[in-house]
Each structure stands twice: as C-alpha cells, then as structure tokens.
1. If the chain between I395 and Q21 were fully stretched, how many nm would it gain, using 0.36 nm times the residue separation less the Cα-Cα distance?
2. Checking the table K95/K162; K325/K377; K3/K184; K44/K418 against a 19 Å threshold on Cα-Cα, which pairs fail?
3. Leaving out ligands, DNA and RNA, and with a 1.4 Å probe, what % of the accessible surface on the stretch 1-104 is carbon or sulfur?
4. Please give the solvent-accessible surface of E372 in Å², to the nearest 10, using a probe radius of 1.4 Å with every protein chain present.
5. Just the number please: accessible area per residue for the chain, 1.4 Å probe, all protein chains included, in Å².
6. Using the beta-carbon distance between W420 and R159 and R0 = 25 Å, what value does 1/(1 + (r/R0)^6) give for FRET efficiency, to the nearest 0.05?
7. Percent of accessible area on the stretch 154-199 owned by carbon and sulfur, 1.4 Å probe?
8. Kindly provide the helix-only [θ] at 222 nm of the chain, computed as the sum of -39,500 (n - 2.57) over DSSP H runs of four or more divided by all residues, to the nearest 500 deg cm²/dmol?
Amino acid sequence: KTKYSKLIFRKSDTVPEELHQMVQESFLTLREHNCFFQDLVRIKGKDFLTPVSRILIGNPGCTYKYLNTRLFTVPWPTEGYDIKYCSPQIHDACKALMRVNDYLHIEAVKALQGQNLFETKEIKDTTVIDREQNVTTSLTEQGSVSKDQSSVCVPEDDRSLKNRTSYNLTLLNYMDPLQMLYLKQEPYFGMGNMAVSWHHDENLVERSTVAVYNYSCEDSAVEESSEQELGGRDPTVWHVGLKIAWDIETPGLAIPLHQGDIYLMLDDLNMTHQHCVLAGLSPRFSSTHRVADCSRGTLEYILGQCELALQNLQTDSDSMALSLKSLEAAVVKQVEEIHNEVEFEWLRQFWFQGKRYLKCTDWWLKPMAKLEESWRKMEIMTSLVLSEVRKEQQIKEERNETISCFLLLLKERQKLRKEWTAR
C-alpha cells in the first residue's frame, strides 16, 4: 500500500465483455497478417534483437523512440486523414485498438481522481494528528507546515489530468516463450524468466499514466500450479514485476496476469519505479497505451523543421541558380543540425526497418518522399556553404566562425553515416 500505491490492477471481469472480444480479435488478426516485428535496438553501442515482437499503432504522424530505435505508428482510423489499409481486417483491428484506447483513457482519469481524493484525505488526517500531538508548536511553525501541505495537495485541474492520460499511441507486444531458446533470469529477487528486463518506459510526457491490457493465451494445457508448493511466483503464469528504482532492499512485487487483466501505472510511478515482464508458458499479447512525448517526434514537427531550414535557400528568377541567403554561423549551424536530424532521426530510422509498415498501410510513403526531397535540397545547401567559405572575399573572423561550427556538424554526419552503414 505504501511502496506500490500508484499501481492500479483491474481483473478481467471488471472490463466490458465486448471490449475483450474486440481487442483479443485485433491481436490475433495482426499476428495472422505477420504484423509483429522484433526490433533491432542499440544498447551501449551494440545492436540487439528484442525477444518481444512489436507494432506501434496510434495517431497519424506520431513516432515513439526507445533504445535508439524510432518506431512509426500504423495510424488508427482518424477523422480527416486518408488512410488506406492493406485489408479490411487490419482497418478493423486498428479501429478496435482506438476504442480500447478511449476506454483506458477514461479509466485512467477516474483512477487519478480517486488517487487525488485519497491523498488529500490522508494529508488532512495526518494534519489533524500532527496538530493534536504538537500542541506546543509555535504559530509560525504551524503556518509553515500548513503552507507545505497545501502545496502538496493542490487539486489538479481537468486539463492536467487529460494531458497525462490522453494516450496518443499504443505499443503492442507479442511473445511465445516456448519459441525462445534463452531468456534472462530476474537477477535481484529470483522471480524467474524475464521476457522484458527491468526498465523505465522512455520518451513519455512527464508524470503521464501508462495503461496495459494483457492477453495471455491460456488454455487447459497451461494452468496455474496450485498443487505444488512454490517458493516464488508460479512460473507457468505471466507476471508484471515492479521494484523501486535503484533499490533491491525493498521487496519487489510480482503480480500474476491473466486473460483480459488491466493495470495502470499512475502519475510518477514510471519514474520512481522500474518494471519488468516475467514470462509464463503460453503466448502473450499486450497493448501498452502511452502519452508519448511528441515535441520532436511528429511528422508535423519535422516538416516544420525542413521548412525552417529551406528558408535559407533561394533560386535566381533568371538563371534558376540556387544560392544561400545568409552565411551567418548561427544560420548555417541551424540548417546543418536540421539536415542531420532529418537524415538520422527520420529517413535512416524509417528505411532501416525495411518495408515492415507496408504489411499494414502505405501511409508513411508520401511523407517520407517529401522528407527525402527536403534532404536533397539540404545536401545542395551543404555544397553551397563549402563553395562560399573557399572564397577569399569574406571577413576572416566571420569566415572562421562559420567554418568551425560547420565542420563540427560535418564530422558528426560522417561519424553517424559510418555507424549506420556498419549496422
């Protein structure tokens, strides 16, 4: 109650049956269409294939980055967007996951409101006890205590709650443990095989809730071991593990997950705690709904950056020759930084993962073609900078300043191109 109070667990019988049917059919449809992929992620300069296969579904143009790998959403059907799916079944699966997303958003708001009421009541109760015990406390000290406590329990406005629970995407996971040759053992509490090691979820809006729908494909062949006495958790059943970050003294928590169970990680739990997924014996799907931090991760953002960079490129109306409007160091630096961002955070990230998205939709192909066109123009702009700094008529100090910042970014580009070629 004290160490894990911001983990909310809901058994499957609390969720509408219609919702179970929709989401579980969606999982199976996406598996049938081979839409789950292992990601090649980079940890400490080395590439690893994830044991879990994934697909990202969410708002059109959103991306999600984890362990140096950017995933691009298969867009769910959104009003105002022309999205063509490879089959009606994939359309229906994406639509169902959007419905589940809406349901989990409402549940998360209710859970946070309940948490806020509980915390406010607890603070009030504690304040009463403190006052009774500290009759001799000076008035000035009482005033400072009240001030501190009121800052803790300021009621959240609806907008803040909505921002931290308005999921813009879901990362779907699938794994069949019996197909895995080797799974890591949980190192601190002896919890057994891990499908996903201890971690915090990355790239999220601060203090946003993560909501998870679990679907472990249990059948009569894999049942809970009720007969044998086990020292730890039942190894046949999937669990979510939770522990306080950087603390192995406080006991960890392992909660069994069955078909249709849901759990919510509220408020700052994802920052203060780490979680892992402990493998059972049956195949398992999950839909993990997140408020991804998209400040630098949407198509709208990167197209805006391209527009900003290309403002420094001009075309002569007679000769159609291209030239730069400014050679100021700050302008050159900004353009070349955007050049690197487009190439390494978007184009190479997208094509590195092959044509996996085409199994679902071709939605990203047009935006990527547009980004490639902007990148080609930025390559021309780099050449134009090189031509200009070779000329002697520039003021020496300005020229040196432009060259020094320009060279740093060119070296970074060269290093990253070598890395990506090696990958």
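1. 127.5 nm
2. Pairs exceeding the cut-off: K95/K162; K3/K184.
3. Within the stretch 1-104, the accessible surface is 50 percent carbon and sulfur.
4. Accessible area of E372: about 50 Å².
5. 54 Å²
6. Here the calculated transfer efficiency is 0.05.
7. 53 percent
8. -13500 deg cm²/dmol
The values are calculated or read from the model by the stated rules, or taken from the named source; none is laboratory data. Model, not experiment: these values are computed from the prediction. Quick reminder, even Gly has a Cβ in these numbers, built from the backbone with ideal geometry, and neighbours come from all protein chains shown. Note: areas computed on protein heavy atoms with side chains; ligands, DNA, RNA excluded. Shrake-Rupley method; radii C 1.70, N 1.55, O 1.52, S 1.80 Å.
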